[in-house]
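So the structure is just underneath, and the comments pick up after that.
Every read-out reported here was derived from the displayed coordinates using simple, explicitly stated rules and does not represent laboratory data. A quick note: this is a predicted structure, and the numbers were derived from the prediction, not measured. With ideal geometry, Cβ positions are generated from the backbone for all residues, glycine too; neighbour counts draw on all protein chains shown.
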Amino acid sequence: MYLLGISAFYHDSAAALLHDGRIVAAAQEERFTRKKHDAGFPHKAIDYCLSEAGIALDKIDHVAFYDKPFLKFERLLETYLSFAPRGYRSFAMAMPIWLKEKLFQKSLLNTELKKHLPDFNWSEKLLFAEHHQSHAASAFFPSPFEEAAVLTMDGVGEWATTSLAVGHGHHLDMLKEIHFPHSLGLLYSAFTYYTGFKVNSGEYKVMGLAPYGEPRFSSVIKDNLIDIKPDGSFKLNMDYFDYCTGLRMTNAKFDALFDGPARTPEKMLTQREMDLAASVQDVLEDVVLAMGRSIAKEQNQKNLCLAGGVALNCVANGKLLRDGCFENVWIQPAAGDAGGALGAALGAWHQHLDNPRTVNGGHDAMAGSYLGPSYEQADIEQRLSAAGAKFTVLSDEDLTARTASDLADGKGIGWFQGRMEFGPRALGCRSILGDPRSPTMQKLLNLKVKYRESFRPFAPSVLEEKVSEWFEIDCESPYMLLVADVKAEHRTEMTEEEKALFGIEKLNVPRSSIPAITHVDYSARVQTVSKRTNPRYHALISAFEEKTGCPVLVNTSFNVRGEPIVCTPEDAFRCFMGTEIETLVVGNCLMEKDAQDPALKQDYKDAFELD
Amino acid sequence: MLDLFKELWSYFRVRKKYWLAPVIVIMVLFGGLIVLTQGSAVAPFIYTIF
């Protein structure tokens, strides 16, 4: 039996396909349309999922959608009614799109699916899951646990912004919810907006900026914006937020509380923004820890599964893991709304159709999250030739040795192998790699390759078996969703002068033997690389270790700022020719920048809208 | 449109939100007018709207 899961019409549309409960394929629409956070119906992602299984749409038994539009509409109407007449402008702007399209979502889905298979009535095959039910299903069903507590936190779904469930076998019972407008995700987004970043994509930047600042506003936030109870449940003071009725996240009272207006996007960052970021991060961590501890005690569970956009906050995740209230923490790699497609499908299979679930000997069911398209070597060669690339085809051994050698020489490498990752992180199949020992690598990658803000940190990929020799973590972190400190023996002691530096000045001080991935607070967003799920990447890091003694690489997503991660060999070649990546490896093809036709170089920096 | 009203009816029953019925029905009827009179409906990107 085939089940198709869909998330769409909000942000990060995606499709996921199950065959008899096994995840066959999953991909975000943005990768195919090249439009970041594409919210349209995921036609191309569906086409890909079907082609991966070698079937047509008529073989699909059910289509599961990841949220319930009527409940969203109910939340909207009740919110507007409770604030009326405030919010009229927002109401007048919202209603046309709802009354024209979103209320008719079932028939809209039917119409869109008919584009793939005309003369077929999909209405009978459509299933709808609640937004947080989809998140919870995406967190529990593919997890390596027979039973677990499941915590989902995001901006908002229908009503829920935070939910607690408990999973046993193939059952998932939703126990508690915190409802809109009280939302941890929206609190974080309010500060994302206030510090001058884009809501729904700039949250990572706030998290990356936090270690440069001091949490001097934490008490102001706790005293005025959020009331946190001992069990981690919370309530926001809506006097300071505008998102219920207005077109902004925060209001004038919020500005007055923090002594000034929101930062204008792209304006220079000051210590104030860094301190604001550190403060909201601090508050978020306090809430997540309090919730974690109370859930562990109340539910008597040793395993925790996480999903929802807030679960992408790997700093908070790392603290929760280190706190020890749960023995094991598993986080869905596509924790955002894209993962809702997978959750809706898995929920339909296990909950609606009542199919049992088997836990796969301690391993999760995500296959390393390598669930996207891959390309055969002959196809890669044909595609690259058509794009005008000049490449050399190497054997597996030569390719690994040559790439490791280029990395050790300090080159930035585009690394494109196997199936594309599902979720926001590149995990060694669509990655730009570098030498973490280089003190200039972070700046080089940020400014000349990724064209993004220089404060943003990079993450390390480390051999799974060596992780505890380099980082303060002794479990696997395959999805780059846990932050841990670099081990003391690899750190560099700072001078008194260096310790006194403030904010962004801290960036220029190498703080360990792997400075490119060591953040200013000695933390790193660790990805452990397993031979089981990604043997080629494991072999590359092993070869680099043989050469240098360091089993760690810098791993950042293969894209520039504002661009979706590359999907096809052509995307990779375009990005390579538009940036200062020096070597590109696609399958067994190796390309050097100097050997390419200079006419194919393009101005890539401004090709994408900034995120 | 008939399908929509059927679904709305089951929604009111399940959620026991009958008091929302007149609001929604009037809005859906007005929505029909909007569809007839307006070319496109574009919403700004804020949470409450979606």
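Considering every alpha-carbon pair of the stretch A:44-156, the percent of pairs per 5 Å bin, from zero through the bin containing the longest distance, is 2, 9, 14, 15, 16, 15, 13, 8, 5, 2, 0. Panel note: the C-alpha atoms of the stretch A:502-601, placed on their principal axes, show extents of 43, 37, 25 Å (largest first). Legend: translational diffusion of the stretch A:377-600 by Stokes-Einstein, Rh = Kirkwood radius over C-alpha pairs, 10 °C, 1.306 mPa s; D = 90 µm²/s.
Among the listed pairs A:LYS35/A:LYS59; A:LYS125/B:LYS6; A:LYS35/A:LYS72; A:LYS36/A:LYS176, which have their C-alpha atoms separated by more than 23 angstrom in this model?
Values: A:LYS35/A:LYS59 29 Å; A:LYS125/B:LYS6 17 Å; A:LYS35/A:LYS72 25 Å; A:LYS36/A:LYS176 33 Å.
Flagged as over cut-off: A:LYS35/A:LYS59; A:LYS35/A:LYS72; A:LYS36/A:LYS176.
In Å, what Kirkwood hydrodynamic radius results for the protein assembly as shown from the alpha-carbon pair distances? Numbers along the way, then the final one.
Working: mean 1/r = 0.0391 Å⁻¹.
Evaluated on the protein assembly as shown, it is 25.6 Å.
Quick one: work out the % antiparallel among DSSP beta bridges in the protein assembly as shown, nearest 5. Write out the running numbers ahead of the final one.
On the way: 57 of 80 bridges.
In the protein assembly as shown, approximately 70 percent of DSSP beta bridges are antiparallel ones.
Computed from Cα atoms alone, the Kirkwood hydrodynamic radius reported for the stretch A:246-367 is 17.8 Å.
Projected onto their three principal axes, the Cα atoms of the stretch A:310-407 cover extents of 51, 37, 28 Å, largest first. Think of it as helices only: each DSSP H run of n ≥ 4 in the protein assembly as shown is worth -39500 (n - 2.57), and spread over all residues that comes to -10500 deg cm²/dmol at 222 nm. Starting from the stretch A:105-187, pick out the trypsin sites (Lys or Arg not before Pro) whose DSSP state is loop and whose Cβ has at most 14 other Cβ atoms within 10 Å. Here the sparse-neighbourhood loop sites are A:LYS115. Using the Cβ-Cβ distance between A:LYS605 and A:LYS253 with R0 set to 30 Å, the FRET efficiency works out to roughly 0.15. Averaged over peptide A:244-255, the number of partner chain Cβ atoms lying within 10 Å of each residue's Cβ comes to 1. Projected label points at A:GLU580 and B:TRP9, each 7 Å from Cα along the beta carbon direction, are separated by 6.8 nanometres.
Based on the alpha-carbon set only, what is the convex hull volume of the stretch A:184-330 divided per residue, in Å³?
Values: hull volume 15.8 nm³, N = 147.
Expressed per residue, the convex hull around the Cα atoms of the stretch A:184-330 is 107 Å³.
Given the stretch A:377-600, what percent of its DSSP beta bridges are antiparallel, to the nearest 5?
The answer is about 75 percent antiparallel.
Neighbouring Cβ atoms from other chains, within 10 Å of the Cβ of residues in A:234-243, number 1 on average. Post the alpha-carbon centroid distance, the stretch A:489-560 to the stretch A:395-415, in whole angstrom. What the calculation gives is 18 Å, centre to centre.
To the nearest 0.05, what FRET efficiency results for B:LEU2 and A:SER374 with a Förster distance of 56 Å applied to their C-beta separation?
Working: r = 46 Å, r/R0 = 0.81.
Approximately 0.75, to the nearest 0.05.
The loop-placed GluC sites (Glu not before Pro) in the stretch A:109-192, going by DSSP, that have at most 13 neighbouring Cβ atoms within 10 Å of their Cβ come out as A:GLU146. Peptide A:72-83 has a mean of 3 when you count, residue by residue, the C-beta atoms of other protein chains within 10 Å of its C-beta. Taking amide hydrogens as placed 1.01 Å from N in the peptide plane, the amide H of A:PHE558 sits under 5 Å from those of A:SER431, A:ILE432, A:VAL566, each at least 5 positions away in sequence or on another chain.
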